[in-house]
Amino acid sequence: QVQLVESGGGLVQAGGSLRLSCAASGRTYSIFAMGWFRQAPGKEREFVAFISCSGGTTYYADSAKGRFTISRDNTRNTVYLQMNSLKPEDTAVYYCADQRGAVTTSASEYDYWGQGTQVTVST
């Protein structure tokens with residue numbers, strides 16, 4: 001059974017940091033690229049970051065560049081999203097997802113999704 005489980009969300013003050021984790025199980029994740037998305041209340045799900053299966057290629061939304069870092073540990077089947085200098089507009093539910101293609105920001109290109117973890121940034 002394929003499963004993605006996010007963790008690490010929480011409440012943080014503006015300017016603070018959080019590290020999200022996405023633990024994968026059910027298949028060999030070293031052959032899957034991974035992405036992080038987020039969805040704020042009343043808004044569409046939006047792309048945040050992408051990492052290739054080897055970790056050699058990363059890609060970020062403009063809103064994440066310079067503040068967020070995506071990484072992965074294939075020995076642990078885990079993908080991370082380090083978020084620094086958080087802003088109130090980063091408040092959202094964050095999701096990880098997998099896919100077998102090249103860099104893509106389209107949620108429809110991703111296969112399996114986790115249940116999400118809430119990130120709330122206060123002023």
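The values are calculated or read from the model by the stated rules, or taken from the named source; none is laboratory data. These numbers were taken from a predicted model, which means no experiment stands behind them. With ideal geometry, Cβ positions are generated from the backbone for all residues, glycine too; neighbour counts draw on all protein chains shown. Remember, those area values only see protein heavy atoms, side chains included, never the ligands or the DNA or RNA. Shrake-Rupley method; radii C 1.70, N 1.55, O 1.52, S 1.80 Å.
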Legend entry - Residues of the stretch 54-76 satisfying the condition of being closer than 28 Å to PRO88 by Cα and either of a type in the set (Phe, Trp, Tyr) or at pLDDT below 95 (or both): TYR59, TYR60, PHE68
Inset, instruction - Could you tell me which residue of the stretch 1-45 is surrounded by the fewest Cβ atoms within 10 Å (Cβ to Cβ), considering only residues that are part of a strand (DSSP E or B) and of a type in the set (Val, Ile, Thr)? - result: VAL5
Inset, instruction - Could you please find all residues in the stretch 46-56 being open to solvent by 60 Å² or more (accessible area, probe 1.4 Å) and either part of a strand (DSSP E or B) or among the polar types (S, T, N, Q) (or both)? - result: GLU46, SER54
Inset, instruction - Give the residue that is surrounded by the most Cβ atoms within 10 Å (Cβ to Cβ), with candidates limited to residues of the stretch 57-84 that are of a type in the set (Lys, Arg) and over 22 Å from VAL5 (Cβ atoms). - result: ARG67
Legend entry - Number of positions in the stretch 94-117 that are more than 14 Å from VAL5 (Cβ to Cβ) and either within 13 Å of the chain's Cα centre (by Cα) or among the polar types (S, T, N, Q) (or both): 7
Inset, instruction - Return the residue satisfying two criteria in turn: it lies in the stretch 85-104 and is open to solvent by 10 Å² or more (accessible area, probe 1.4 Å) and at pLDDT 95 or above, and of such residues it is farthest from ALA40 (Cα to Cα). - result: SER85
Legend entry - Residue among GLY9, GLY42, GLY15, GLY26 that is over 15 Å from the mean Cα position of the chain (by Cα) and closer than 14 Å to LEU86 by Cα: GLY15
Inset, instruction - List every residue pair whose Cβ atoms lie under 8 Å apart, where the two residues are 6 or more positions apart in sequence or sit on different chains, the first residue falls within the stretch 57-71 and is more than 14 Å from PHE37 (Cα to Cα) and assigned to a loop (DSSP other than H, G, I, E, B), and the second residue, located anywhere, is of a type in the set (Val, Ile, Thr) and modelled with pLDDT of 95 or more. - result: THR57/ILE51
